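Here is the structure we will look at, set down as structure tokens.
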Amino acid sequence: MRFTLNGAQTEVDAHPMKRLLDVLREECGLTGTKEGCGEGECGACTVLVDGQPVVSCLVPFAQAADAEVTTIEGLGGTHPYQRAFAEFSGAQCGICTPGMILAAIALGPDPSLEDIRTGLAGNLCRCTGYEAIYRAIQNA
């Protein structure tokens with residue numbers, strides 16, 4: 001199946017019902033996308049598909065056909081949110097961080113605190129208490 005992965009045309013031979021999360025990690029070698037709960041409840045596996053955040057543990061690979069998929073690796077480590085998460089202690093254990101950053105990107109430029117809280121509601125963090133995450137996004 002063909003799709004665009006982090007800006008590059010990609011073709012992967014995987015079962016269409018395999019989870020997008022597993023294709024990214026196992027077939028593409030991109031381990032930045034984490035599996036937290038495997039039930040779509042925690043947001044750790046969030047990636048962008050055509051610019052929209054999705055929990056990749058619930059998305060069949062078939063839904064990525066001809067789509068543009070962005071993972072944390074696609075940001076190259078230089079995205080303002082990546083830098084801000086480091087600077088403002090928005091990341092601790094790191095399990096939720098990739099999903100948080102990608103969900104934040106989908107909020108668009110200059111989101112309000114309320115937009116951030118609403119937009120990240122499906123992304124759970126057990127370490128930070130969220131305030132550092134909100135502060136990082138606001139300061140990026």
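The values are calculated or read from the model by the stated rules, or taken from the named source; none is laboratory data. Keep in mind it's a predicted model, so treat the numbers as computed, not measured. For neighbour counting, all protein chains shown are included, and Cβ atoms are generated from backbone atoms with ideal geometry for every residue, glycine included. The protein model used for the area step is the full one, side chains on, heavy atoms only, and it has no ligands, DNA or RNA in it. Shrake-Rupley method; radii C 1.70, N 1.55, O 1.52, S 1.80 Å.
Which of the residues that make up the range 105-126 are surrounded by fewer than 15 Cβ atoms within 10 Å (Cβ to Cβ) and among the hydrophobic types (A, V, I, L, M, F, W, C)? Hits for the range 105-126 are Leu113, Ala121.
If you check Thr33, Thr4, Thr10 for being part of a loop (DSSP other than H, G, I, E, B) and polar (S, T, N, Q), only one passes: Thr33.
Whether a residue is within 21 Å of Ser56 (Cβ to Cβ), among the hydrophobic types (A, V, I, L, M, F, W, C) and open to solvent by less than 60 Å² (accessible area, probe 1.4 Å) was assessed, and Ile95 does not pass this test. Taking helices (runs of 4 or more DSSP H) as the structural unit, those lying wholly within the range 74-140 and holding at least 3 residues that are more than 23 Å from Val54 (Cβ to Cβ) correspond to 80-87, 131-139. Per the listing Leu24, Leu58, the residue uniquely in contact with a Ser or Thr (Cβ under 6 Å, 6 or more places away or on another chain), aliphatic (A, V, I, L, M) and either crowded, with 22+ Cβ neighbours inside 10 Å or over 14 Å from Met100 (Cα atoms) (or both) is Leu24. Every condition in (1) closer than 14 Å to Ala136 by Cα; (2) small (Gly, Ala, Ser); (3) in contact with a strand residue (DSSP E or B) (Cβ under 8 Å, 6 or more places away or on another chain) is met by Ser89 except one, and the failing one is (3). Gln63 satisfies every condition listed in (1) open to solvent by 70 Å² or more (accessible area, probe 1.4 Å); (2) touching a Gly at 6+ places or on another chain (Cβ under 7 Å) except (2).
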